[in-house]
Each structure stands twice: as C-alpha cells, then as structure tokens.
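Report on the following structure.
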C-alpha cells in the first residue's frame, strides 16, 4: 500500500547488502567494510556512512552521526532486526538491545524495529540502498582508499550530489524538501553526544568499593551494598553502578590503576569521620572546649611522628569532654601541660584519679600517688 510519511516522524536505518573496501597501505590487504544507510520518511533525505562492522558500537555511532547530519531527532528510528538493535525478535513487542535503548533515551526518541522477514516495513530504506549502489558505489569504487576517513569523505561528496539532484518527475530535490518540510519538525539535539557504555559485573568488597577490571581502579558505593553483586556501566568519561536496576553510585572514570575514588557520602559514619581527620579539625574542636585544651592538642600534633597516631590520641582526649565534662577536661589539660607530658594516658590517669580537682597549692606540696596495678605498696613486702 502507499504510505504517506509524516514529517519528522520516522528515520529508517539499515546496512547495505554489498560492502565497500579499503586497502591497507603497508600490507596491501583489502579490508571489506559495512555501509550504513539512513533515510527520513517525509523528505527522503539520505545519509550514508562506511563503518568497520555491524556491531552495536559501530551501529550506534552511525545512527548518532545520522542524527547530527540531519541536525535534529525524529520521533522514531526504524531499524532492521539486527543483533545490535534487537536482542529478541517478536511480532508485537521485540526486546531491544539494552545499549541501543539507552541511546534512544539519550536522544529522546523511540525504537520501532521492523518485523522480521518483512522488508515492506522498511521499503523506503530498501529502495534507498538500491539507489546508493548506482549513485554512491559507482563513483567511489573508482578510487583506492586506505582509511575509513578517506572513504567516508568520498561518500559524503557523492551523497551531497545525490541529495541535491531533483527527484524523478519533480522540480525539487531531497535537500530542498527537507529544508522546507521536515527540518523544523525534528526535535532538537541534546547538548552532549551519547557515550557508548560497556558492562562489567563485580562484587562490592568489604571496604565498600568495586573494581572496574579494565582499568584496575576502585570506586566507592554506599556501604550497605557491601558483599552484593552489582552491574557497572562505563563509558569513556563516566562509570555508573547499578543494583537491581537502581543506580547506587556514579563517578568520573579514572584510569589510574590500583588507586581509589571515594565519595565520603558512601562511607559509614565512623569511616567518614576517620577520612575527615585533619589537624585543623582537631584544633577547632579543642578550641570549642577551651584554649588550654587547644594548646594541649597542638603539643600532641607537634610531637607525634605519624599523623594517624596523633589523630587517635586527639580523638581519645577530646572524647573525655562527653564523659567528664568540659571543665574537668580543661583542668586535666592544664595540669598535664605543667607536667610536660603529652599523651592520652596522662589525661586518662588525671581524670580517673580526680587529680584535676586538687588545688594547685596542695598539689605543689605533695603529689598523690596514683592507683595502678603495677604499684605494689609497702604491704606487699611484709
């Protein structure tokens, strides 16, 4: 039957049956390449591109190039039932390739696969392929090309001649009809081009990270997913982690091996606190209690050889503010400063033995002996 195509409605895409070829400059080997053809339903403006294969990466890239050639997005794309587009054929609701469906979502269009073994569903592109054999293949085959880029440059020149020629029996060309009828009906292109995504399965490690095997780089996920099997989708610039179709993490892709990319919001509360340990943080915390506490913490930070050792001591000392109160901790730090002893155990003993509560005059005359399991006393020797 005759079909009236609505402007901006459908873009028909297919691969030509006959292939073109390029010649390796060094070995002289002739390499066959696939030819992708796309045509808009209403204006019949055609796009042709040579690609290395019919694999989904090349197929999707060619579809994207076609959309940018037209300068807009139609309401639907009609592909054949090739594996790059359709995972499982069905007369009523075929299963789309997951990556191709993601591409369609990015460009806000719909995929309407033609029925299997029904070339009439895509008669327009079938006819376009036959025309390409005489309009494109004939002039292109007269020259030897060494790269896909060279071949596609020649195809583009022949294609412009084809699109600019008047249609048979009419006084206008495909290009003119496109500009007048169809260009304005296409949806605008998104700001960014689609990035082809690959998949990787991984198990979240006990440290709350997953490894992207191709780069050997580790990325954080929320700690509640530790031990779970997740799916990673990654492109040239980003990586996303999914658990049961829910995206649980997203990071910029970094290709440095054996290193970690961590989002602090993914960490458990205790782990997040440890990652935020800095001298300024502890000094600010101590200052909120008293200046003497800040001075004591500063002495600890200056004297400890390893930063983490100093940070652990600081956490222990400052936590006494909740147990004993700010006033007692301040008195303990003031007395410890007088001793010239800067560590956690000194503050602990002062507070446990209530030495912070002694008056300075009494303490100056006689220093009470602290209780300790290792101090035997005079009764031990009787």
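The values are calculated or read from the model by the stated rules, or taken from the named source; none is laboratory data. These figures come from a predicted structure and were not determined experimentally. All Cβ positions, even for glycine, are placed from backbone atoms using ideal geometry, and neighbour counts span all protein chains on display.
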*asked:* Looking at residue 185 and the list (1) surrounded by 14 or more Cβ atoms within 10 Å (Cβ to Cβ); (2) farther than 28 Å from residue 73 by Cβ, which single condition is not satisfied?
replied: (2)
*asked:* Step by step: first the residues of segment 6-41, then only those that are assigned to a loop (DSSP other than H, G, I, E, B), at negative phi and in contact with a strand residue (DSSP E or B) (Cβ under 8 Å, 6 or more places away or on another chain), then the one that is surrounded by the most Cβ atoms within 10 Å (Cβ to Cβ). Which residue is that?
replied: 41
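With the structure loaded, tell me whether residue 280 is farther than 20 Å from residue 343 by Cβ, at pLDDT below 90 and not in a strand (DSSP E or B) or whether it fails that test.
Numbers: farther than 20 Å from residue 343 by Cβ: yes; at pLDDT below 90: yes; not in a strand (DSSP E or B): yes.
Yes: the conditions hold for residue 280.
Can you find a residue in segment 175-195 that is under 14 Å from the mean Cα position of the chain (by Cα), modelled with pLDDT under 90 and assigned to a loop (DSSP other than H, G, I, E, B)?
The first filter runs over segment 175-195 and keeps only residues under 14 Å from the mean Cα position of the chain (by Cα), leaving 194-195.
Among the residues that remain, those that are also modelled with pLDDT under 90 are: 194-195.
Next, from what is left, pick out any that are assigned to a loop (DSSP other than H, G, I, E, B): 194-195.
Yes, segment 175-195 contains a residue that is under 14 Å from the mean Cα position of the chain (by Cα), modelled with pLDDT under 90 and assigned to a loop (DSSP other than H, G, I, E, B).
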_I'm checking my understanding of the structure. Among residues of segment 73-89 that are touching a strand residue (DSSP E or B) at 6+ places or on another chain (Cβ under 6 Å) and modelled with pLDDT of 85 or more, which one is surrounded by the most Cβ atoms within 10 Å (Cβ to Cβ)?_
74
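Which count do you get for residues in segment 224-236 that are surrounded by fewer than 17 Cβ atoms within 10 Å (Cβ to Cβ) and either over 18 Å from the mean Cα position of the chain (by Cα) or modelled with pLDDT of 90 or more (or both)?
Pass one, segment 224-236, residues surrounded by fewer than 17 Cβ atoms within 10 Å (Cβ to Cβ): 224, 226-229, 231, 235-236.
Filter once more, keeping what is either over 18 Å from the mean Cα position of the chain (by Cα) or modelled with pLDDT of 90 or more (or both): 224, 226-229, 231.
Summing the residues that are surrounded by fewer than 17 Cβ atoms within 10 Å (Cβ to Cβ) and either over 18 Å from the mean Cα position of the chain (by Cα) or modelled with pLDDT of 90 or more (or both) in segment 224-236 gives 6.
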*If residue 247 passes every condition in (1) buried (at least 17 other Cβ atoms within 10 Å of the Cβ); (2) free of Cβ contacts under 8 Å to residues at least 24 places away in the same chain but one, which one does it miss?*
(1)
*Residues in segment 147-164: is at least one out of contact with any helix residue (DSSP H, G or I) (no Cβ under 6 Å at 6 or more places or on another chain) and at pLDDT below 90?*
no
_Which numbered condition residue 52 fails, given (1) more than 31 Å from the chain's Cα centre (by Cα); (2) in contact (Cβ under 8 Å) with a residue 40 or more places away in the chain_ = (1)
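If you check residue 252 against the conditions, is it within 30 Å of residue 239 (Cα to Cα), surrounded by fewer than 18 Cβ atoms within 10 Å (Cβ to Cβ) and modelled with pLDDT of 90 or more? Full working, then the answer.
On the way: within 30 Å of residue 239 (Cα to Cα): yes; surrounded by fewer than 18 Cβ atoms within 10 Å (Cβ to Cβ): yes; modelled with pLDDT of 90 or more: yes.
So residue 252 passes the test.
Go through segment 200-230 and report how many residues are touching a residue at least 40 places away in the same chain (Cβ under 8 Å) and either on the phi > 0 side of the Ramachandran plot or assigned to a strand (DSSP E or B) (or both).
Narrowing segment 200-230 to residues touching a residue at least 40 places away in the same chain (Cβ under 8 Å): 208-209, 212, 215-223.
Adding the requirement that they be either on the phi > 0 side of the Ramachandran plot or assigned to a strand (DSSP E or B) (or both) leaves 208-209, 212, 216-220.
Number of matching residues: 8.
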